[in-house]
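Quick notes on the structure that follows.
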Amino acid sequence: MGYNIVLIEPEIPNNTGNIGRLCLASGSNLHLVKPFGFEISDARLKRAGLDYWKHINLFTYESIDDFFKTHKDKDMAFLSSHGTQDYWDIDYKDNLFLIFGKESKGLPKSITDKHTDKLYKIPLFSDNIRSINLANAVGIVTYEGIRQLR
């Protein structure tokens, strides 16, 4: 069992490092789509991922188009605060691609508009918050998938 965690243009190295560590713990692959808001050699990324970083199944892509060309026939679920379905309603299956956007803006509108039928959200219960931390969101969604498949 495992998923493909995809970060579209991640900006914060600590989040990416934590997500990498989570990928290793959950048996998932990490896919990073450029441009990044940091260098892949950033010490903060390595510190957040601890000494696990060398064991992570990491794939990088030069652009969003590059990623989608490579994985055009794969099952995908897109996570966005603009989703109309809840993350627990995702059709979780092995090797599913879970797509997350960058910390400041989320997924580009070109992606959310194209995949409205596969657009999911983590419900928020306060009007005083726009979203939750990216690393937390990845953890919530990934482990819900593991729970459902076990």
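The values are calculated or read from the model by the stated rules, or taken from the named source; none is laboratory data. Nothing here was measured: the structure is a model prediction, and the numbers come from that model. Cβ sites come from the backbone with ideal geometry, for glycine too, and all protein chains shown count toward neighbours.
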>> What are the pairs with Cβ atoms under 6 angstrom where one residue, in the stretch 35-59, is modelled with pLDDT of 85 or more and surrounded by 14 or more Cβ atoms within 10 Å (Cβ to Cβ) and the other, located anywhere, is outside any loop (DSSP other than H, G, I, E, B) and of a type outside the set (A, V, I, L, M)? Sequence gap at least six, or different chains.
In response: Ile56/Gly20; Ile56/Cys23; Asn57/Asn29; Phe59/His31
>> Of everything in the stretch 85-111, what is in a strand (DSSP E or B) and free of Cβ contacts under 8 Å to residues at least 60 places away in the same chain? Give them in sequence order.
In response: Gln85, Asp86, Gly106
> Just a yes or no: is a residue in the stretch 90-109 more than 14 Å from the chain's Cα centre (by Cα), within 21 Å of Glu9 (Cα to Cα) and surrounded by 15 or more Cβ atoms within 10 Å (Cβ to Cβ)?
Replying inline: no
> Of all residues in the stretch 112-141, which are free of Cβ contacts under 8 Å to residues at least 24 places away in the same chain and either under 21 Å from Phe59 (Cβ atoms) or not aromatic (Phe, Trp, Tyr) (or both)?
Replying inline: Asp113, Lys114, Asp117, Ser126, Asp127, Asn128, Ile129, Ile132, Asn136
> When the stretch 1-16 is examined, which residues are found to be under 12 Å from the mean Cα position of the chain (by Cα) and at negative phi?
Replying inline: Tyr3, Asn4, Ile5, Val6, Leu7, Ile8, Pro10, Asn15, Thr16
